[in-house]
1. Answer with yes or no whether Glu155 is of a type outside the set (A, V, I, L, M, F, W, C) and either over 29 Å from Glu26 (Cβ atoms) or free of Cβ contacts under 8 Å to residues at least 40 places away in the same chain (or both).
2. Of (1) under 22 Å from Arg134 (Cα atoms); (2) touching a helix residue (DSSP H, G or I) at 6+ places or on another chain (Cβ under 6 Å), Glu155 satisfies all except one. Which?
3. Which residue pairs have Cβ atoms under 6 Å apart, sit 6 or more places apart or on different chains, and have a first residue in segment 35-49 that is closer than 14 Å to Ala232 by Cβ and a second that is modelled with pLDDT under 80 and of a type outside the set (Ser, Thr, Tyr)?
4. Any residue that is within 16 Å of the chain's Cα centre (by Cα) and within 20 Å of Ser174 (Cα to Cα) - is there at least one of those in segment 29-45?
5. Just give me the residues in segment 187-236 being outside any helix (DSSP H, G or I), hydrophobic (A, V, I, L, M, F, W, C) and in contact with a Pro (Cβ under 9 Å, 6 or more places away or on another chain), in sequence order.
6. For residues that are of a type in the set (A, V, I, L, M, F, W, C), in a helix (DSSP H, G or I) and either under 13 Å from the mean Cα position of the chain (by Cα) or within 16 Å of Asn172 (Cα to Cα) (or both), tally how many sit in segment 55-101.
7. Quick test for you: out of Ala130, Ala162, pick the one residue that is of a type in the set (Gly, Ala, Ser), at pLDDT 90 or above, touching a helix residue (DSSP H, G or I) at 6+ places or on another chain (Cβ under 6 Å) and on the phi < 0 side of the Ramachandran plot.
Amino acid sequence: MLQALTLHRSVIFPNSSADASLTPAEIERRTASFNARRTLLKSNPSLFISKTRLSVRQIPIFVTERLLKRLAIHATRSFEDEAKEGERPGLTADELSVVVEQPDVEENREEGRRSGKHKKKKFMTSVKQAKIVRQQERVDPVIGKGRSKGYGFIEMNTHPDALRVLRWSNNNASIGSLLEEWWKEELGDLMKLEKKKEAKDDARLKRLKDELEKVTTTGAKKSKGSLIVEFAIENVQVVKRRNALQHNAPVSFPR
């Protein structure tokens, strides 16, 4: 029952209050995704809907992991601000009460208590991971990584925060200009970092400068539509392997 409810929270259905700004093609795209995901879940018992990991599609190709993480943090705060101002409904008591089990975290804490060792405290945000899926065979000349495929994942630490990100970001027309402004800022930061290097790469510096000028004068390349944000479909075995890798990863302690 909870899986079905989580799946429904990811989609904007035709004739709903949220579909007013969607084109017919966008509505068809989102409805088709919902139907395909529902069929996939029924066909494989190892699959389930994550309560904290979001699938994000139609991401502009210039968006980096840093920008995606920034979007998630911004979305959680903006959702709460708008809810307080009465501009949107806040989360219900039932939604706020959903707790996600994270045994690997508790095991690491217990292991640290037994050994007398503790990990170095880090600045924590509501975002656990932001990932852009990239091509391996084609490199983006500006950032030096594989070219973005236009989709990625955001994993939040809690289900309520994942809901906040989904509801604020899904089909939000303001996100395009927001990401473009952040991209300009990131290009500026990358240029400053490159200039500070002892052996700076002049060719890379020129690419960054040219990209900043292009974005400033003509704008960044837009995606085909607004973001499609859904709760990600996960595989039980893959999640177990991921948790095991995180648990067994070597820990560095401050000297």
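The values are calculated or read from the model by the stated rules, or taken from the named source; none is laboratory data. Fair warning: this is a prediction, and the values are worked out from it, not measured in the lab. Quick reminder, even Gly has a Cβ in these numbers, built from the backbone with ideal geometry, and neighbours come from all protein chains shown.
1. Details: of a type outside the set (A, V, I, L, M, F, W, C): yes; either over 29 Å from Glu26 (Cβ atoms) or free of Cβ contacts under 8 Å to residues at least 40 places away in the same chain (or both): no.
No: the conditions fail for Glu155.
2. All conditions are met except number (2).
3. Qualifying pairs under 6 Å: Ile49/Gln3; Ile49/Leu7.
4. Scanning segment 29-45, I find no residue that is within 16 Å of the chain's Cα centre (by Cα) and within 20 Å of Ser174 (Cα to Cα), so the answer is no.
5. Passing the criteria: only Ala220.
6. From segment 55-101, those of a type in the set (A, V, I, L, M, F, W, C) are 56, 59, 61-63, 67-68, 71-73, 75, 79, 83, 91, 93, 96, 98-100; that's our starting set.
Keeping just the survivors that are in a helix (DSSP H, G or I) gives 67-68, 71-73, 75, 79, 83, 93, 96.
Checking the rest, the ones that are also either under 13 Å from the mean Cα position of the chain (by Cα) or within 16 Å of Asn172 (Cα to Cα) (or both) come to 67-68, 71-73, 75, 79, 83.
Looking only at that region, the number is 8.
7. Exactly one residue qualifies, and that residue is Ala130.
Listed here are the residues, each with its yes/no results for (1) surrounded by 11 or more Cβ atoms within 10 Å (Cβ to Cβ); (2) more than 15 Å from Arg66 (Cβ to Cβ).
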site	(1), (2)
Leu179	yes, no
Glu185	yes, no
Asp189	yes, no
Lys192	no, no
Asp201	yes, yes
Arg204	yes, yes
Leu208	yes, no
Leu212	yes, yes
Thr217	no, yes
